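Below is one structure, written out as structure tokens; the observations come after it.
The values are calculated or read from the model by the stated rules, or taken from the named source; none is laboratory data. Just so it is clear, the model here is predicted, and its values are computed rather than measured. So basically every Cβ, Gly included, is an ideal-geometry build from the backbone, and we count neighbours across all protein chains shown. Accessible surface is based on the protein model in full, side chains and every heavy atom, while ligands, DNA and RNA are left aside. Shrake-Rupley method; radii C 1.70, N 1.55, O 1.52, S 1.80 Å.
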Amino acid sequence: RKEVEQDPGPFNVPEGATVAFNCTYSNSASQSFFWYRQDCRKEPKLLMSVYSSGNEDGRFTAQLNRASQYISLLIRDSKLSDSATYLCVAGGGSNYQLIWGAGTKLIIKP
Amino acid sequence: DAGVTQSPTHLIKTRGQQVTLRCSPKSGHDTVSWYQQALGQGPQFIFQYYEEEERQRGNFPDRFSGHQFPNYSSELNVNALLLGDSALYLCASSSLSGGGETQYFGPGTRLLVL
């Protein structure tokens, strides 16, 4: 089992729709969680940190469920520019190392 | 405020050769992490440098080595290159002394081994 697992997709979603991704992590000691987005042939860019109380930034909402060991990302009113690969990251615990998922590819269609 | 910079942007080597990649962290950051990202995969952690020492290491062979300089910049060295080393090499900086785990990435070096 991978330490951080994501559905690779692709998710094909019409513009304006709401889309949600989940990501599961295996290390219960993980303390820090992030979502990054990565455009084709570019470096990952931080989208948002994920806090225990949840986190909202405009059209984006991230949630953490410690009991079930997953984090989620919700994108409302999706735009064509949201097309990218979304990477889930879990870290902290005893070794401070960040573990990355393989990413979920999102394609927003007009 | 300069972000994370990496050089070179692209590199072509042949099997058995050695390569050195360079990274300058974001201003105010003291920690550099290196990742290897193969096509269609997430970044795989190679190692992390803080205070000029390797702090953490991922599951990579000794052919992968690094260094951090007093100005916090860092190098990644790969010896005896294999075809499978072809990948995007990403450098990420963070501020460990500032208590931050959030990592900011450079544009990467795309390495092709022939």
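Assorted remarks:
- Among the cysteines of chain A, those with no neighbouring cysteine Cβ under 4.7 Å are A:40.
- 16 Å cut-off, amide nitrogen to a point 7 angstrom out along residue B:80 Cα→Cβ, residues in the range B:35-61: B:60-61
- Debye-sum result for chain B in log10 I(q)/I(0), which assumes one identical scatterer on each alpha carbon, at q = 0.11, 0.17 Å⁻¹: -0.31, -0.75
- With every protein chain in place and a 1.4 angstrom probe, the accessible-area ranking of B:12, A:75, largest first, reads B:12, A:75.
- Amide N of the range A:1-43 lying under 15 Å from the label point, which is placed 7 angstrom from the Cα of residue A:77 along Cα→Cβ: A:15-19
- Heavy atoms of residue B:4: accessible area, 1.4 Å probe, square angstrom to 10: 20 Å²
- Remark: spin-label model distance residue B:69-residue B:27 equals 1.9 nm, labels positioned 7 Å along the Cα→Cβ axis.
- Note on the range B:1-95: dipole from Cβ charges, positive end direction compared against B:2, B:49, B:65; the farthest Cα belongs to B:65.
- Where chain B is the region considered: accessible area per residue in Å², 1.4 Å probe: 47 Å²
- Exceedance of the 21 Å cut-off in Cα-Cα distance is limited, within the set A:2/B:26; A:45/A:105; A:45/B:13; A:2/A:109; A:45/A:79, to A:2/B:26; A:45/B:13; A:2/A:109.
- Remark: mean inter-chain Cβ contacts per residue of A:42-50 equal 4, using a 10 Å Cβ-Cβ cutoff to other protein chain atoms.
- Calculation over all alpha carbon pairs of the range A:21-110 in 5 angstrom steps from 0 returns a P(r) of 3, 14, 26, 25, 18, 9, 4, 1, 0, 0 percent.
- Dimensionless Rg/Rh of the protein assembly as shown - Kirkwood Rh, Rg from C-alpha atoms: 0.97
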